[in-house]
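I have placed the structure first, in the form of structure tokens, so that the comments after it can refer back to it.
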Amino acid sequence: CAVKAAQVLSEIAKNEEMKKPCIEADLVLTLIPLLDSTDQEMLLHAGRAIGRICYDNRDLQEELVKVGVITSLVRILTDYAESEPLVHVDLLALCNLADLDTAKEALSKTKVAEQLVKQLRRAENHERLEIVFEVLQALAENDALKVQLVEAGVQEVLSEILLRLQGSSQAEDTCIVKAASDLIVSLLLGVLKLQSQSYQDVKAVKAKRLPEISVCMIKFYDCISHLSHALFLSLSSDGNCVRMVQLGVIHQLLDLLEKHVESGDVSVQHAALSALRNLAIPEEGVAERIQALLKSEMPPMQSKLLGTLRMLADGQADAAEILGQDPMLLNRLVQWCNANDHTGIHGEANRLLASILRHNRSQEVVKAIQEAQGVKHLVSMTTSEHAAMQNEALNALAIASAINLETLEESFKESQLVQSLHRLLQDDNTSPEVKYNSMGLLCSLLNSGDLRQEIEEDKIKETLEQLCSHSNASVVKEAVTTLQVLRRET
């Protein structure tokens, strides 16, 4: 009669008012041994009865874990993986228990990861997928289980599900995509952190079709909380970057940004901009489209946008030339160069101006920056507290001087560039590289009669003579060269 009795109890336990009498009669402890049965009908009814009696009762659930119910549940999932009713009851039980730390600890000592991956592959409907996802999400909070799930290949199955549903507009599919996306990123990043390895070295990150997966995830960005991490995973190798560009990710990201530049999820905008910075590819129309986003009034977004444009201009003359001949952009940059109350924006605007000059060879760009009154800000940048920014400014001004010194001459005099360079050369705290680049710029300025006169009047020659005995060989060499140029006529 045991099977029938278990069936009766599973029906009785449906009634909320009957749970307490069942507990008081110690029926849970009586039913647990029945989970070791080989009779599938017995397992089904006993499992249902236990699940219904213990539902939403944390103390009883803890008791179940304590008496070893986890081992029985994993055994049933393993031995009867093809039985839909048994698997359903088993997964519901795991779902109810998985939030308990004691249950996670017990599960980490079993092969539950392999079985869950198997059930994920077999799942044919949304209800089953949702139950498995719920269990996986709970287990992914445990470090040991996180590693086991990745080793069992759960990310591959999740990727297949994600790609299969990517074109769907059904609400149910969107929920599944969200859950799969969050799980992929949560598991992969968790394993990376635990194993302290690089993105390139972790086998899990090299999952097949990772670029395709991330491009798909971008399409569902509004329901993904880990978009930035997902993109970072995909951009972890040059091969992935190339593949993502081939899949059209750049304009997809720009579409996303344009849609939400005025309002929307700032974290998503940051994620998309970070990805664009990592890609920084001069694809046709990209520079112009990013410029259009500068109308944003949010300082964090402005700073990120400026950084993205700078990455685009670095080393790419075509992009630098496009940016450097846009009056609207240059005027906006000059405004931001004055934004002393926003240090990040102030710094990025200056760096972008310097980058545009450093990476182009156009006289028109030099004239455009001069007309926008951007030169004085670059001169000011040479005295920045950051050596990297000082060097960027010095190199930019040296290149601009070599291209079109005549255009810049008046601005250099007004902004007292010569005097600023002299102070850099005299200051013992100035780094050797800044001193070196300062002298390189001085050599360019000596091609102007008026600026040469300023250099002579400021007695820079004496400072250069002192630098000939500097401890840094490069500084000494440049000081000797600059003195030679200074002693020659223009």
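Looking at the stretch 457-490, which of the residues that are β-branched (Val, Ile, Thr) and surrounded by 10 or more Cβ atoms within 10 Å (Cβ to Cβ) is nearest to the chain's Cα centre (by Cα)?
So, considering only residues that are β-branched (Val, Ile, Thr) and surrounded by 10 or more Cβ atoms within 10 Å (Cβ to Cβ), the one nearest to the chain's Cα centre (by Cα) is 475.
Pairs please, first residue from the stretch 470-490 and more than 15 Å from residue 453 (Cβ to Cβ), second anywhere and among the charged types (D, E, K, R), Cβ atoms under 6 Å, 6+ apart in sequence or on different chains.
475/435
Inside the stretch 309-340, can you point out the residues that are open to solvent by 10 Å² or more (accessible area, probe 1.4 Å) and under 21 Å from residue 404 (Cα atoms)? Even if it seems obvious, please write down each step before you answer.
Just the residues of the stretch 309-340 that are open to solvent by 10 Å² or more (accessible area, probe 1.4 Å), to begin with: 310-311, 314-318, 321-322, 325-328, 331-332, 334-336, 338-340.
Selection gives 314, 315, 316, 317, 318, 321, 322, 325, 326, 327, 331, 334.
Residue under question is residue 388, and the condition is that it be closer than 18 Å to residue 434 by Cβ and open to solvent by 40 Å² or more (accessible area, probe 1.4 Å); does it hold?
Yes; evaluated as a whole, the condition is true for this residue.
Could you grab the pairs with beta carbons closer than 8 Å, sequence gap of 6+ or different chains, first residue in the stretch 12-32 and assigned by the TED database to the domain that holds residue 67, second one of a type in the set (S, T, N, Q)?
Filtered contacts from the stretch 12-32: 19/57; 23/57; 32/72.
So residue 82 passes all but one of these: (1) assigned to a loop (DSSP other than H, G, I, E, B); (2) buried (at least 18 other Cβ atoms within 10 Å of the Cβ). Which condition number does it fail?
For residue 82, the failing item is (2).
May I ask you to verify whether residue 430 is among the polar types (S, T, N, Q) and under 18 Å from residue 391 (Cα atoms)?
Yes; evaluated as a whole, the condition is true for this residue.
What number goes with the only condition from (1) without any contact (Cβ under 8 Å) to a residue 12 or more places away in the chain; (2) closer than 13 Å to residue 441 by Cβ that residue 410 does not pass?
In the conditions (1) without any contact (Cβ under 8 Å) to a residue 12 or more places away in the chain; (2) closer than 13 Å to residue 441 by Cβ, residue 410 misses (2) alone.
Look through the stretch 412-439, keep the residues that are over 14 Å from residue 467 (Cα atoms) and open to solvent by 20 Å² or more (accessible area, probe 1.4 Å), and return whichever of them is nearest to the chain's Cα centre (by Cα).
Filtering first and then ranking leaves 415.
List pairs: first residue in the stretch 438-452 and in contact (Cβ under 8 Å) with a residue 40 or more places away in the chain, second residue of a type in the set (Asp, Glu) anywhere in the structure, Cβ distance under 7 angstrom, at least six positions apart or on different chains.
439/478; 440/478; 448/409; 450/409; 451/409
So, residue 342, is that one touching a Pro at 6+ places or on another chain (Cβ under 8 Å) and modelled with pLDDT of 75 or more or not?
yes
Need the failing condition index for residue 104 against (1) open to solvent by 30 Å² or more (accessible area, probe 1.4 Å); (2) in a helix (DSSP H, G or I); (3) among the basic types (Lys, Arg), just the number.
Failing condition for residue 104: (1).
Condition first: free of Cβ contacts under 8 Å to residues at least 12 places away in the same chain, under 26 Å from the mean Cα position of the chain (by Cα) and open to solvent by 60 Å² or more (accessible area, probe 1.4 Å). Now tell me which residues in the stretch 341-366 satisfy that. Show your work before the answer.
Kept after step one, since they are free of Cβ contacts under 8 Å to residues at least 12 places away in the same chain, are these residues of the stretch 341-366: 341, 343, 346.
With the extra rule that they be under 26 Å from the mean Cα position of the chain (by Cα), the set shrinks to 343, 346.
Of everything in the stretch 341-366, just one residue is free of Cβ contacts under 8 Å to residues at least 12 places away in the same chain, under 26 Å from the mean Cα position of the chain (by Cα) and open to solvent by 60 Å² or more (accessible area, probe 1.4 Å), namely 343.
Would you pick out the residues in the stretch 1-37 that are farther than 14 Å from residue 57 by Cβ and basic (Lys, Arg)?
Within the stretch 1-37, 4, 14 meet the criteria.
Take the stretch 382-410 and flag every residue that is within 19 Å of residue 351 (Cα to Cα) and of a type outside the set (A, V, I, L, M). Give the steps one after another, and end with the answer.
Initially, the stretch 382-410 is screened for residues within 19 Å of residue 351 (Cα to Cα), giving 382-401, 408.
The answer is 382, 383, 384, 385, 386, 390, 391, 392, 395, 401.
So, restricting to helices (runs of 4 or more DSSP H) that lie completely within the stretch 378-490, which ones have at least 3 residues that are hydrophobic (A, V, I, L, M, F, W, C)?
387-414, 417-426, 432-445, 460-467, 473-487
The values are calculated or read from the model by the stated rules, or taken from the named source; none is laboratory data. Everything numeric in this text was worked out from a predicted model, so none of it was measured. Every residue, glycine as well, gets a Cβ built from its backbone with ideal geometry; the counts of neighbours run over all protein chains shown. Just the protein is used for accessible areas: all its heavy atoms, side chains included, with ligands, DNA and RNA removed. Shrake-Rupley method; radii C 1.70, N 1.55, O 1.52, S 1.80 Å.
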